[in-house]
Amino acid sequence: MSEPLANTLEAHPLALLLDELIIYVYQHRLHMLLLLPGSILFTIIHEAAHAVMVWFQGGKIIQFIWMPTYARNEFAQWEWLWGYISYEFLEDQVYSDFLIASAPYILMLGLMLFAAITSLRRKPYAFWLASTLFIWLYVVPNMEIMNELLPWLLGYRGDFWSAFGEAGQFAWIMTVVWLLLVSIIGFWVQQRLYRQQALSLLTYSIFFSTGLLLFFILLV
(Lines give C-alpha, C1' and ligand atoms only; values in the text may rest on other atoms or scores of the structure.)
Protein backbone atom coordinates (compact mmCIF):
# COMPACT_ATOMS: atom_id res chain seq x y z
CA MET A 1 0.00 0.00 0.00
CA SER A 2 1.35 3.41 -0.92
CA GLU A 3 2.09 5.87 1.88
CA PRO A 4 -0.41 8.53 0.66
CA LEU A 5 -3.19 5.90 0.55
CA ALA A 6 -2.28 4.62 4.05
CA ASN A 7 -2.33 8.16 5.39
CA THR A 8 -5.73 8.74 3.76
CA LEU A 9 -7.19 5.62 5.40
CA GLU A 10 -5.76 6.55 8.81
CA ALA A 11 -7.28 10.03 8.54
CA HIS A 12 -10.69 8.76 7.41
CA PRO A 13 -13.42 9.77 9.91
CA LEU A 14 -14.67 6.18 10.24
CA ALA A 15 -11.15 4.93 10.96
CA LEU A 16 -10.64 7.63 13.58
CA LEU A 17 -14.02 6.79 15.13
CA LEU A 18 -13.17 3.09 15.25
CA ASP A 19 -9.80 3.84 16.84
CA GLU A 20 -11.46 5.95 19.51
CA LEU A 21 -14.02 3.23 20.28
CA ILE A 22 -11.38 0.50 20.54
CA ILE A 23 -9.10 2.61 22.74
CA TYR A 24 -11.97 3.55 25.07
CA VAL A 25 -13.09 -0.07 25.47
CA TYR A 26 -9.50 -1.22 26.06
CA GLN A 27 -8.87 1.48 28.66
CA HIS A 28 -12.00 0.40 30.54
CA ARG A 29 -11.38 -3.36 30.35
CA LEU A 30 -10.95 -3.65 34.14
CA HIS A 31 -14.30 -1.97 34.76
CA MET A 32 -15.93 -4.44 32.37
CA LEU A 33 -14.40 -7.36 34.24
CA LEU A 34 -15.84 -5.92 37.45
CA LEU A 35 -19.39 -5.65 36.09
CA LEU A 36 -20.60 -8.88 37.74
CA PRO A 37 -19.24 -8.19 41.26
CA GLY A 38 -20.23 -4.55 40.76
CA SER A 39 -23.81 -5.55 39.94
CA ILE A 40 -23.94 -7.61 43.14
CA LEU A 41 -22.63 -4.64 45.14
CA PHE A 42 -25.20 -2.30 43.63
CA THR A 43 -27.94 -4.86 44.31
CA ILE A 44 -26.96 -4.82 47.99
CA ILE A 45 -26.89 -0.99 48.00
CA HIS A 46 -30.25 -0.85 46.23
CA GLU A 47 -32.01 -3.20 48.62
CA ALA A 48 -30.30 -1.63 51.63
CA ALA A 49 -31.78 1.75 50.63
CA HIS A 50 -35.26 0.16 50.66
CA ALA A 51 -34.51 -1.49 54.01
CA VAL A 52 -33.21 1.68 55.67
CA MET A 53 -36.41 3.51 54.74
CA VAL A 54 -38.48 0.64 56.17
CA TRP A 55 -36.52 0.72 59.42
CA PHE A 56 -36.70 4.54 59.49
CA GLN A 57 -40.50 4.29 59.49
CA GLY A 58 -40.57 1.56 62.15
CA GLY A 59 -41.05 -1.48 59.94
CA LYS A 60 -39.49 -4.94 60.12
CA ILE A 61 -37.50 -6.63 57.33
CA ILE A 62 -38.65 -10.19 56.62
CA GLN A 63 -36.47 -11.01 53.60
CA PHE A 64 -33.33 -9.38 52.20
CA ILE A 65 -32.31 -11.13 48.97
CA TRP A 66 -29.15 -9.92 47.25
CA MET A 67 -28.20 -13.10 45.38
CA PRO A 68 -30.38 -15.19 43.04
CA THR A 69 -32.61 -17.15 45.43
CA TYR A 70 -35.63 -19.38 44.97
CA ALA A 71 -38.07 -17.91 47.48
CA ARG A 72 -41.61 -16.70 48.06
CA ASN A 73 -42.50 -13.27 46.66
CA GLU A 74 -44.94 -10.76 48.14
CA PHE A 75 -47.85 -12.79 46.71
CA ALA A 76 -46.62 -15.97 48.47
CA GLN A 77 -45.62 -17.47 45.12
CA TRP A 78 -42.33 -19.34 44.69
CA GLU A 79 -39.97 -17.89 42.07
CA TRP A 80 -36.34 -16.95 41.46
CA LEU A 81 -35.66 -13.57 43.05
CA TRP A 82 -32.59 -11.36 42.84
CA GLY A 83 -32.69 -7.98 44.50
CA TYR A 84 -35.75 -8.22 46.71
CA ILE A 85 -36.91 -7.36 50.20
CA SER A 86 -40.13 -8.10 52.01
CA TYR A 87 -41.20 -6.25 55.12
CA GLU A 88 -44.08 -5.71 57.48
CA PHE A 89 -45.54 -2.95 59.62
CA LEU A 90 -47.99 -3.10 62.49
CA GLU A 91 -51.60 -3.16 61.36
CA ASP A 92 -52.34 0.41 62.46
CA GLN A 93 -48.91 1.82 61.62
CA VAL A 94 -48.71 4.70 59.15
CA TYR A 95 -45.88 4.59 56.59
CA SER A 96 -45.05 5.85 53.11
CA ASP A 97 -44.79 3.38 50.22
CA PHE A 98 -43.38 6.23 48.14
CA LEU A 99 -40.37 6.71 50.42
CA ILE A 100 -39.62 2.98 50.53
CA ALA A 101 -39.97 2.51 46.77
CA SER A 102 -38.08 5.61 45.71
CA ALA A 103 -35.19 5.47 48.22
CA PRO A 104 -32.67 3.63 45.95
CA TYR A 105 -33.29 5.98 43.04
CA ILE A 106 -32.86 9.07 45.19
CA LEU A 107 -29.54 7.55 46.27
CA MET A 108 -28.58 6.90 42.61
CA LEU A 109 -29.37 10.51 41.75
CA GLY A 110 -27.14 11.56 44.64
CA LEU A 111 -24.26 9.47 43.29
CA MET A 112 -24.69 10.98 39.83
CA LEU A 113 -24.72 14.47 41.32
CA PHE A 114 -21.54 13.63 43.27
CA ALA A 115 -19.82 12.54 40.05
CA ALA A 116 -20.85 15.79 38.38
CA ILE A 117 -19.57 17.87 41.31
CA THR A 118 -16.22 16.05 41.45
CA SER A 119 -15.74 16.73 37.75
CA LEU A 120 -15.56 20.46 38.53
CA ARG A 121 -12.07 20.05 39.97
CA ARG A 122 -9.51 22.15 38.09
CA LYS A 123 -6.64 19.69 38.46
CA PRO A 124 -7.07 16.56 36.29
CA TYR A 125 -7.63 13.21 37.99
CA ALA A 126 -5.53 10.14 37.31
CA PHE A 127 -7.22 8.06 34.62
CA TRP A 128 -8.13 5.20 36.98
CA LEU A 129 -9.92 7.62 39.31
CA ALA A 130 -11.61 9.61 36.53
CA SER A 131 -12.89 6.41 34.91
CA THR A 132 -14.08 5.04 38.26
CA LEU A 133 -15.99 8.23 39.03
CA PHE A 134 -17.64 8.27 35.61
CA ILE A 135 -18.45 4.57 35.25
CA TRP A 136 -19.44 3.68 38.81
CA LEU A 137 -20.88 6.96 40.07
CA TYR A 138 -22.56 8.21 36.90
CA VAL A 139 -23.10 5.48 34.29
CA VAL A 140 -24.01 2.58 36.60
CA PRO A 141 -26.40 4.62 38.82
CA ASN A 142 -28.13 5.83 35.65
CA MET A 143 -28.42 2.20 34.51
CA GLU A 144 -30.02 1.40 37.88
CA ILE A 145 -32.62 4.09 37.27
CA MET A 146 -33.21 3.04 33.65
CA ASN A 147 -33.54 -0.59 34.72
CA GLU A 148 -36.66 0.40 36.65
CA LEU A 149 -37.89 3.31 34.54
CA LEU A 150 -38.17 1.55 31.18
CA PRO A 151 -40.02 -1.56 32.47
CA TRP A 152 -42.41 0.76 34.32
CA LEU A 153 -43.29 2.44 31.02
CA LEU A 154 -44.05 -1.00 29.58
CA GLY A 155 -46.42 -1.86 32.41
CA TYR A 156 -44.13 -3.54 34.98
CA ARG A 157 -45.40 -3.14 38.53
CA GLY A 158 -42.16 -2.52 40.38
CA ASP A 159 -40.71 0.28 42.48
CA PHE A 160 -41.80 3.10 40.18
CA TRP A 161 -45.32 1.73 40.05
CA SER A 162 -45.38 1.65 43.87
CA ALA A 163 -44.07 5.21 44.03
CA PHE A 164 -45.94 6.88 41.16
CA GLY A 165 -48.71 4.53 40.07
CA GLU A 166 -49.36 3.51 36.48
CA ALA A 167 -47.19 5.21 33.84
CA GLY A 168 -49.15 7.61 31.68
CA GLN A 169 -48.37 10.06 28.90
CA PHE A 170 -46.61 12.44 31.28
CA ALA A 171 -44.27 9.63 32.35
CA TRP A 172 -43.23 9.06 28.73
CA ILE A 173 -42.59 12.79 28.24
CA MET A 174 -40.51 12.98 31.42
CA THR A 175 -38.55 9.90 30.34
CA VAL A 176 -37.58 11.63 27.10
CA VAL A 177 -36.59 14.73 29.08
CA TRP A 178 -34.56 12.56 31.47
CA LEU A 179 -32.73 10.80 28.63
CA LEU A 180 -31.83 14.10 27.00
CA LEU A 181 -30.73 15.62 30.29
CA VAL A 182 -28.66 12.66 31.48
CA SER A 183 -26.98 12.29 28.08
CA ILE A 184 -26.04 15.98 27.84
CA ILE A 185 -24.80 16.16 31.43
CA GLY A 186 -22.99 12.84 30.98
CA PHE A 187 -21.10 14.16 27.98
CA TRP A 188 -20.04 17.22 29.95
CA VAL A 189 -19.05 15.13 33.01
CA GLN A 190 -16.84 12.78 30.99
CA GLN A 191 -15.28 15.76 29.22
CA ARG A 192 -14.42 17.27 32.60
CA LEU A 193 -13.16 14.02 34.13
CA TYR A 194 -11.17 12.60 31.23
CA ARG A 195 -9.91 15.91 29.79
CA GLN A 196 -7.68 15.08 26.77
CA GLN A 197 -8.84 11.44 26.85
CA ALA A 198 -12.53 12.31 26.71
CA LEU A 199 -14.78 10.91 24.01
CA SER A 200 -15.77 13.09 21.07
CA LEU A 201 -19.44 14.02 20.75
CA LEU A 202 -20.01 11.52 17.93
CA THR A 203 -18.35 8.61 19.75
CA TYR A 204 -20.15 9.44 22.99
CA SER A 205 -23.48 9.59 21.13
CA ILE A 206 -22.83 6.16 19.62
CA PHE A 207 -22.01 4.69 23.02
CA PHE A 208 -25.08 6.21 24.66
CA SER A 209 -27.46 5.25 21.83
CA THR A 210 -26.10 1.70 21.61
CA GLY A 211 -26.41 1.20 25.36
CA LEU A 212 -29.98 2.50 25.35
CA LEU A 213 -30.91 0.25 22.41
CA LEU A 214 -29.43 -2.81 24.14
CA PHE A 215 -31.42 -1.94 27.24
CA PHE A 216 -34.68 -1.88 25.27
CA ILE A 217 -33.83 -5.14 23.48
CA LEU A 218 -33.06 -6.94 26.76
CA LEU A 219 -36.26 -5.66 28.35
CA VAL A 220 -38.54 -6.54 25.46
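The values are calculated or read from the model by the stated rules, or taken from the named source; none is laboratory data. Quick caveat, the model's predicted, so the values are computed rather than measured. Here Cβ is always computed from backbone atoms with ideal geometry, including for glycine, and neighbour counts include all displayed protein chains. These accessible areas exclude ligands, DNA and RNA; they are computed on the full protein's heavy atoms, side chains included. Shrake-Rupley method; radii C 1.70, N 1.55, O 1.52, S 1.80 Å.
In the context of the full set of protein chains, residues of the chain present 64 Å² of accessible surface per residue (probe radius 1.4 Å, heavy atoms only). Note on the range 57-211: Rg/Rh from C-alpha atoms, Kirkwood Rh, equals 1.05.
Please check which bits of the range 205-220 a label hung off HIS28 would reach, taking the label as a point 7 Å along Cα-to-C-beta and the cut-off as backbone N under 12 Å. Inside the label zone: 205-212.
When the dipole is taken about the Cα centre of the chain, and only Lys, Arg (+1) and Asp, Glu (-1) are charged at their Cβ, what size is it in debye, to the nearest 20?
Numbers: 9 positive and 15 negative charges, 164 e Å.
About 780 debye.
In the range 14-60, the inverse of the mean reciprocal separation of distinct Cα atoms equals 13.5 Å; this is its Kirkwood hydrodynamic radius. When the chain is described by a simple charge dipole with +1 on each Lys and Arg Cβ and -1 on each Asp and Glu Cβ, the residue from PRO124, VAL139, TYR87 located farthest towards its positive end is PRO124.
Keeping the other protein chains in place, figure out the carbon and sulfur percent of the accessible area of the chain, with a 1.4 Å probe. All intermediate terms of the calculation are to be shown ahead of the outcome.
Working: 9790 of 13970 Å².
The computed percentage sits at 70.
Here r is the Cβ-Cβ distance between VAL52 and LEU17 and R0 is 30 Å; the resulting FRET efficiency, rounded to 0.05, is 0.10.
Remind me, relative contact order of the chain in percent, using alpha carbon pairs under 8 angstrom and six or more residues apart? Present the calculation step by step, with values, prior to reporting the outcome.
Working: 192 pairs, mean separation 37.2, N = 220.
Here the relative contact order equals 17 percent.
From helices alone, the chain scores -21500 deg cm²/dmol at 222 nm; the rule is -39500 (n - 2.57) for each run of n ≥ 4 DSSP H residues, then divide by the residue total. Model label points for LEU214 and LEU180, set 7 angstrom from Cα along the Cα-to-Cβ axis, are 2.6 nm apart.
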